[in-house]
There are 2 protein chains.
Amino acid sequence: MKLLNTQNVMIIGLGLMGGSYAKALKRLDFHISATDTNADSIEYALENGIIDEGYTSPDPDALGKADIVIFGLYPNVFKRWIAENQKYFKSGAIITDVTGVKSCIVYDIQNILRDDVEFIAAHPMAGREVYGVRNSTEKMFRDANFLVVPTEKNSEEAIEWCKEMGRLLGFINVTVLSPEEHDKMIGFVSQLTHCIAIALMTCSDSTHLADYTGDSFRDLTRIANINDKMWSELFLLNKEPLLADMDRFISEMQTMRSLLAEDNREGLREKMRLSTQRRAAFNKK
Amino acid sequence: MKLLNTQNVMIIGLGLMGGSYAKALKRLDFHISATDTNADSIEYALENGIIDEGYTSPDPDALGKADIVIFGLYPNVFKRWIAENQKYFKSGAIITDVTGVKSCIVYDIQNILRDDVEFIAAHPMAGREVYGVRNSTEKMFRDANFLVVPTEKNSEEAIEWCKEMGRLLGFINVTVLSPEEHDKMIGFVSQLTHCIAIALMTCSDSTHLADYTGDSFRDLTRIANINDKMWSELFLLNKEPLLADMDRFISEMQTMRSLLAEDNREGLREKMRLSTQRRAAFNKK
């Protein structure tokens, strides 16, 4: 199956990410339908030519025509939706998602899914600190990573299709990871960093210092502006890897604290040199 | 004393910050001399028209002509320099610095300084992840804060002079803080954030994850690329406020960890909402 040979895309959940997919794929001449319980989002998307057809509940006819179904729902809502509405899918349809955690969802969905429909999981590692279809933009895909997250149940064809979609959406990097590798990675590079930014904001009221903050503080806390409903769910669904990362980080902060308390200049410098050396790996891209 | 009525500026320590001061002040038609033990820095600055005169050791004649002396030295070197060379200062000269910690240095310098010379401390809150006069640029002053840090010993005239210098250098904000307020503020907004970035890099080897990191991780660890000599000194010289901040932050991370371990969704959401609400104060500027 070639992505460009398919015609009809159905997006379920037209928020920031669903809307951005819609804009990117519309430009490639796909026929875009969308379903969202929020009538205002659907109306806005229709009026602004972001989608061709819109629904506020699952529409059997529209779903029956979709070659591709893209899910931009919260993890638990996603599972329920599949259980209730998969009967409407077109035979041979390919299903994908944008969910930020994988192990807890990919196997469950694949286990309940009809045999004539394939679910290939993906995680577009892009985002903004604002929400909803009104803020959607394909620009956030540039310079970002697209992760394809297959299991042993997935066909080579579906994996290749999903990689192609990542490139067509405009992502600079497209990578394949297992659900377990994905969750371990995301626990460290995304969830732990959000945790840190939150704790830095909540550990003391620093708002009176706003006039004095430089770029480093601003950069570090930009993500402290956070969607509490979505992120609490992501944290809880990736609990074990995230707890392990938090423990490692807290223990390292305690080590730094001890080095400082003991006036251990050389110990501090050693940590700083290791930090500088490792950070260099992140500059290369 | 009006800054624009003075003529001769001597910069002691021609690194990233000293070089940037030189460039900014040269454009305002001051006569710029510089002293740095590194002959290569002096040579480079002379060849590139960054300074008018250069010395690799304190020059009695040049110092005797300077109306303004700006120190871009490490805190401990700065104190020693004053003790050994203040005899060369011109009577009525005004001395300032760029040091990132204040309580531990301002009082000491003012106590040993000649009565006919005034030291008014300043902290230009600007920086880059690169060093030396070759990387100096006035651009880093734009959008940055300039802090004037007087004690009771300072004259109103010197405080006003220093504020004027901050504005002439191109800083967007010029603020006056006591040494104690300064150190408490800098412990939180600058040193704690650097500590966190270091610990995030050193708590586990994440370099194999470089391909997967998004902007949030990159932003958070940009400052993990750190000058170990300078920052270990800054940490140790501001030990008490920084230890208190580290303790508050570690304790908050432990609270977040417990909320997650106990599946306390509402507790996590509450932290996230408080974080979002407080972070909004930092967006206003």
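The values are calculated or read from the model by the stated rules, or taken from the named source; none is laboratory data. Keep in mind the model is a prediction, meaning the values are calculated, not measured. Reconstructed Cβ throughout: ideal geometry from the backbone, glycine too, with neighbour counts over all protein chains shown.
Looking across segment A:99-128 at every residue that is out of contact with any Ser or Thr (no Cβ under 9 Å at 6 or more places or on another chain) and of a type outside the set (Ser, Thr, Tyr), the one that is nearest to A:Trp231 (Cα to Cα) is identified as A:Val101. Any chance segment B:65-77 includes a residue that's outside any helix (DSSP H, G or I) and either without any contact (Cβ under 8 Å) to a residue 40 or more places away in the chain or among the acidic types (Asp, Glu) (or both)? Yes, segment B:65-77 contains at least one residue that is outside any helix (DSSP H, G or I) and either without any contact (Cβ under 8 Å) to a residue 40 or more places away in the chain or among the acidic types (Asp, Glu) (or both). Listed conditions (1) in a helix (DSSP H, G or I); (2) within 7 Å of chain B (Cβ to nearest Cβ); (3) more than 30 Å from A:Gly100 (Cβ to Cβ); (4) in contact with a Lys or Arg (Cβ under 9 Å, 6 or more places away or on another chain) are all met by A:Lys271, apart from (4). For segment A:208-228, the set of residues classified as among the small types (Gly, Ala, Ser), touching a Phe, Trp or Tyr at 6+ places or on another chain (Cβ under 9 Å) and at pLDDT below 85 consists of A:Ala210 only.
Considering only segment B:128-139, state which residues are crowded, with 20+ Cβ neighbours inside 10 Å and either outside the structural domain of B:Glu47 (by TED's automatic domain parsing) or of a type outside the set (Ser, Thr, Tyr) (or both). I'd like the intermediate steps shown before the answer.
Filtering segment B:128-139 down to residues crowded, with 20+ Cβ neighbours inside 10 Å leaves B:133, B:136.
Once the filter is applied, which keeps residues that are crowded, with 20+ Cβ neighbours inside 10 Å and either outside the structural domain of B:Glu47 (by TED's automatic domain parsing) or of a type outside the set (Ser, Thr, Tyr) (or both), segment B:128-139 yields only B:Val133.
The residue that is farthest from A:Gly15 (Cα to Cα), among those in segment A:100-139 that are in a strand (DSSP E or B) and more than 16 Å from the chain's Cα centre (by Cα), is A:Glu118. For the residues B:Ala281, B:Ala210, the requirement of being within 30 Å of A:Leu147 (Cα to Cα) and within 7 Å of chain A (Cβ to nearest Cβ) singles out B:Ala210.
For A:Glu181, the conditions (1) in a helix (DSSP H, G or I); (2) facing chain B (nearest Cβ under 7 Å); (3) free of Cβ contacts under 8 Å to residues at least 12 places away in the same chain all hold with the exception of (2).
One residue stands out among those in segment A:145-178 that are in contact (Cβ under 8 Å) with a residue 60 or more places away in the chain and either assigned to a helix (DSSP H, G or I) or farther than 27 Å from A:Arg27 by Cβ (or both): the one that is farthest from the other protein chains (Cβ to nearest Cβ), which is A:Glu157.
Of all the listed residues (B:Arg142, B:Arg128), the sole one being over 21 Å from B:His194 (Cβ atoms), touching a residue at least 24 places away in the same chain (Cβ under 8 Å) and within 14 Å of chain A (Cβ to nearest Cβ) is B:Arg142.
Would you be able to tell me the number of residues in segment A:9-46 that are touching a residue at least 12 places away in the same chain (Cβ under 8 Å) and of a type in the set (D, E, K, R)? Going through segment A:9-46 one residue at a time, the tally reaches 4. On the stretch given as segment A:205-219, residues that are crowded, with 16+ Cβ neighbours inside 10 Å and assigned to a loop (DSSP other than H, G, I, E, B) total 3. Among residues of segment A:206-228 that are assigned by TED's automatic domain parsing to the domain that holds A:His194, those with a Cβ under 7 angstrom from a residue that is part of a loop (DSSP other than H, G, I, E, B) and crowded, with 19+ Cβ neighbours inside 10 Å, sequence gap 6+ or separate chain, pair up as A:Gly214/B:Ala144. Applying the criterion of at least 3 residues that are within 23 Å of the chain's Cα centre (by Cα) and in the same structural domain as B:Leu73 (by TED's automatic domain parsing) to the strands (runs of 3 or more DSSP E) found wholly in segment B:7-62 leaves B:8-12, B:31-35. Mind checking whether some residue in segment B:188-195 is facing chain A (nearest Cβ under 7 Å), farther than 19 Å from A:Asp263 by Cβ, modelled with pLDDT under 95 and surrounded by fewer than 21 Cβ atoms within 10 Å (Cβ to Cβ)? No - not one qualifying residue is present in segment B:188-195. Sub-6 Å Cβ pairs linking a first residue in segment B:236-255 that is on the phi < 0 side of the Ramachandran plot and more than 7 Å from chain A (Cβ to nearest Cβ) to a second residue that is in a helix (DSSP H, G or I) and of a type in the set (Asp, Glu), at least 6 apart or interchain, are B:Asn238/B:Asp183; B:Pro241/B:Asp183, ordered by first then second residue.
For the condition charged (D, E, K, R), surrounded by fewer than 20 Cβ atoms within 10 Å (Cβ to Cβ), in the same structural domain as B:Ala210 (by TED's automatic domain parsing) and at pLDDT below 95, B:Arg257 does not qualify. All conditions but one from (1) over 28 Å from B:Cys203 (Cβ atoms); (2) buried (at least 20 other Cβ atoms within 10 Å of the Cβ); (3) of a type outside the set (S, T, N, Q) apply to A:Lys153; the one that does not is (2).
Of A:Ile120, A:Ile112, which residue is of a type outside the set (Lys, Arg), crowded, with 20+ Cβ neighbours inside 10 Å and modelled with pLDDT of 95 or more? Write out each step before concluding.
Working: A:Ile112 fails: crowded, with 20+ Cβ neighbours inside 10 Å.
Answer to the check: A:Ile120.
Just one of (1) within 7 Å of chain B (Cβ to nearest Cβ); (2) in a helix (DSSP H, G or I) fails for A:Met230. It is (1).
Test A:Ile82 against the criterion of being in contact with a helix residue (DSSP H, G or I) (Cβ under 7 Å, 6 or more places away or on another chain), within 18 Å of A:Asp61 (Cα to Cα), of a type in the set (A, V, I, L, M) and free of Cβ contacts under 8 Å to residues at least 60 places away in the same chain, and give yes or no. Yes: the conditions hold for A:Ile82.
Criterion applied to B:Lys239, B:Lys229 was being surrounded by fewer than 24 Cβ atoms within 10 Å (Cβ to Cβ), basic (Lys, Arg) and within 15 Å of A:Arg273 (Cβ to Cβ), and the one residue passing it is B:Lys229.
For segment A:34-55, taking the residues that are crowded, with 23+ Cβ neighbours inside 10 Å and among the hydroxyl-bearing types (Ser, Thr, Tyr), the one that is farthest from A:Glu164 (Cα to Cα) is identified as A:Ser41.
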